Amino acid sequence: MTDNYTVYTHTLPNGKTYVGYLNLGSNYANGKSFREIMNGGRYHENRTALYNDIQACGWEQVQTETIPGLTKEQAVEKKKALCLEYQSYLFDLGYNRYSDAGLSQPPKINKTPKGKLAKKLISIFLHGDFTICEYLMQQLESYSDEMINKMFDTIKAEAGYIALSLTRKKFDSPYSEV
C-alpha cells in the first residue's frame, strides 16, 4: 500500500506551527496509530525547540490536524504547500526549516548590526540585485511598522556615507541624497 503517508500540522498555544509527515506503513510505525507514534509529543524529542515548547505548554494544548492517505510524493508536496501557507519556516511563526518549504536558506541578516545592514541594503540597490531586494521585501511583510520605520531611518541616516564609502566618490543619484 503506497497511500500510507499522513501530513500533519501542530499548532501550539504560542501561535507557532510545525508541519510534518509520517509513513504509517513503515517498520518504525509497526502498525501503531498516529496518536501512538506521537506519544504525547515525545516523537519530536530531536527537534529541541519544538519539543521544549510542547513540554512547556503540555501536549493536550497542541492542536493537531492530519491529512491521511497520501503517497510520499503527495505528502512532500503538501508539506511544502502548508509550510508556505503557514510560513512555519520563519522563526517567529514556526519550527520548520526553509528547505521544508522548498526554499533555499536566505542570507542571515538578522544578526547584522544596524550599520552593516544599512550598508548591505544600499549595496543591493546600487548594484541592482533585485532578487535579494524582493526577498527582503517579502521578509519585511512579517515585521511590524515600527521595526520597518527603524530600519529605514537607519538606511536614510547612513545612505550617503555608505554610498561614498563603497565607491570612494560622490554620486549624482538619489541614493547619495537620501
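Observations
- Multiplying the residue separation of Thr2 and Lys32 by 0.36 nm and removing their Cα-Cα distance gives an extension gain of 9.1 nm.
- For the peptides 78-84, 61-67, the ranking by mean Cβ contacts within 10 Å, running from highest to lowest, is 78-84, 61-67.
- Between Tyr43 and Ser142, the C-beta separation translates, for a Förster distance of 30 Å, into a calculated FRET efficiency of about 0.60.
- Order of Phe91, Phe152 - criterion: other Cβ atoms within 10 Å of each residue's Cβ, fewest first: Phe91, Phe152
- Listed peptides 10-19, 142-151 appear in the order 10-19, 142-151 once ranked by packing, highest mean of other Cβ atoms within 10 Å at the front.
- For the range 46-59, the Karplus equation 6.51 cos²θ - 1.76 cosθ + 1.60, evaluated at θ = phi - 60°, returns couplings of 6, 9, 3, 5, 4, 4, 4, 5, 5, 5, 5, 8, x, 4 Hz by residue, with Gly and Pro reported as x.
- Our Cα-only numbers for the range 5-101 put the radius of gyration and Dmax at 12.8, 36 Å.
- Within the range 24-49: backbone nitrogen closer than 17 Å to the Thr66 label point (7 Å, Cα to C-beta): 24-44
We did not get these values from a lab; they are worked out from the coordinates using the rules stated. Because the structure is predicted, anything quoted here is derived from the model rather than measured. When we count neighbours, we look across all protein chains shown, and the Cβ atoms used for this are built from the backbone with ideal geometry, even at glycine.
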